[in-house]
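Novice: For reference, the structure I am asking about is given below.
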Amino acid sequence: MVKLGIVVSEFNYDITQMMLKLAKEHAKFLEAEVVRVIHVPGVFEIPLAVKFLLENEDVDAVVTLGAVIEGETDHDQVVMQQASRKIIDLSLEYNKPVALGISGPGMSRLEAHERVKYAKRAVEAAVKMCKRLKS
């Protein structure tokens, strides 16, 4: 059984909590176990929690969840670029899958609500990668 850690951003809580619920449901459907969930303030803080989970032997893969909504500045672009880059780096450093379930940047709040299902895709990617790397 694949053991998952989930890191979820509290920013845009109404969206990310729906993502978390879907992620947990889909993990159960795929017969994966969610062993740990860490809530972080925002997407920018996700990489540190990912690293913490990857260091645990009881975590096979990590799913990241968040919603980066467009604002009046390019802040959403910077946050997403930096977080996603570090998430990839951590996956390679620890040789464990880290799935990107963060929607955005450049989307409206309505678009973010429409993309809540990205959480399921991230769980599926993490589980598939674990199984493929183990075989």
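No lab work stands behind these numbers, since they all come straight from the coordinates. Everything numeric in this text was worked out from a predicted model, so none of it was measured. Backbone-built Cβ (ideal geometry, glycine too); neighbour counts: all protein chains shown.
Novice: I'm spelling it out carefully: the read-out is Rg and Dmax of the Cα atoms in Å, the candidates are (i) 13.8, 47; (ii) 49.9, 142; (iii) 15.9, 50, and one was derived from this structure. Which label?
Specialist: Entry (i).
Novice: Around residue 129, under 13 Å between beta carbons, what's the net of Lys plus Arg minus Asp minus Glu among the other residues? It would help to have the intermediate numbers written out before the result.
Specialist: Values: positive: 96, 121, 128, 131, 132, 134; negative: 60, 124.
That works out to +4.
Novice: In addition: Rank 39, 101, 11 by how far each Cα sits towards the positive end of the charge dipole of the chain (+1 on Lys, Arg Cβ; -1 on Asp, Glu Cβ) and give me just the farthest.
Specialist: Selected residue: 101.
Novice: Who wins for biggest fluctuation among 62, 123, 34 in a Gaussian network model of the chain, springs between alpha carbons below 10 Å?
Specialist: Among 62, 123, 34, the largest mean-square fluctuation in the Gaussian network model of the chain belongs to 34.
Novice: Quote the FRET efficiency, to the nearest 0.05, computed for residue 74 versus residue 111 with a Förster distance R0 of 25 Å and r equal to the Cβ-Cβ distance.
Specialist: Numbers: r = 18 Å, r/R0 = 0.70.
For residue 74 and residue 111, the calculated efficiency is 0.90.
Novice: If the cut-off is 16 Å between C-alpha atoms, which lysines fall inside it for residue 134, apart from same-chain ones fewer than 8 positions away?
Specialist: Hits, sequence-local ones excluded: 3, 96.
Novice: With +1 assigned to the C-beta of every Lys and Arg and -1 to the C-beta of every Asp and Glu, and no other charges, what is the dipole magnitude of the chain about the Cα centre in debye, to the nearest 20?
Specialist: Values: 18 positive and 19 negative charges, 126 e Å.
About 600 debye.
Novice: Then there is this: Which order do the peptides 127-134, 95-102, 8-15 take when ranked by the mean count of other beta-carbon atoms within 10 Å per residue, highest first?
Specialist: My ranking of the peptides, most packed first, is 95-102, 8-15, 127-134.
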